[in-house]
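Trainee: Quick one: the structure is below, questions incoming.
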Amino acid sequence: MSLGRQHMKRGRVHYPLRYRRARSLLYVIGLFWLWLWLGSATLLDNLYHSPLHAALAMYAIAVVVLVSLPAALLAVARMVLAHPRHKGLVVQLPLAQQPRPESAHWWYGEKVS
């Protein structure tokens with residue numbers, strides 16, 4: 001195998017941050033749907049004095065509902081595809097090699113009373 005081909009061949013890189021972002025997006029979408037189920041009628045009821053504001057709120061809720069469905073599906077797909085592997089090994093440093101916490105005195109000095 002040539003040297004160029006060895007460098008081109010790589011293992012799959014796993015990004016746990018993508019998984020966490022997708023999970024957070026699912027939480028946000030779930031909270032939105034819970035609010036929609038429990039509290040959105042109160043919001044629209046409070047806008048009875050202005051038909052324009054009520055129509056804008058209805059439009060905004062409809063758009064977010066339609067956007068949240070494919071966003072949730074994409075988040076689930078990303079969670080499935082980017083599931084973090086737990087192959088890592090945790091190594092504990094001996095007590096002599098662990099960094100010691102510094103005193104905060106260097107930061108504020110003797111000027112603070």
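The values are calculated or read from the model by the stated rules, or taken from the named source; none is laboratory data. Predicted, not measured: the structure shown is a model, and the values here were computed from it. Neighbour counts are summed over all protein chains in view; Cβ atoms, including those assigned to glycine, are modelled from backbone coordinates with ideal geometry. Please note that ligands, DNA and RNA were not included when accessible areas were found on the heavy atoms of the full protein model with its side chains. Shrake-Rupley method; radii C 1.70, N 1.55, O 1.52, S 1.80 Å.
Trainee: Please work out if M1 is over 24 Å from the mean Cα position of the chain (by Cα), open to solvent by 100 Å² or more (accessible area, probe 1.4 Å), modelled with pLDDT of 80 or more and not aromatic (F, W, Y). Before the answer, list the steps.
Mentor: On the way: over 24 Å from the mean Cα position of the chain (by Cα): yes; open to solvent by 100 Å² or more (accessible area, probe 1.4 Å): yes; modelled with pLDDT of 80 or more: no; not aromatic (F, W, Y): yes.
No; evaluated as a whole, the condition is false for this residue.
Trainee: What number of residues within the stretch 33-88 are open to solvent by 100 Å² or more (accessible area, probe 1.4 Å) and either among the β-branched types (V, I, T) or touching a Gly at 6+ places or on another chain (Cβ under 7 Å) (or both)?
Mentor: Total meeting the criteria: 1.
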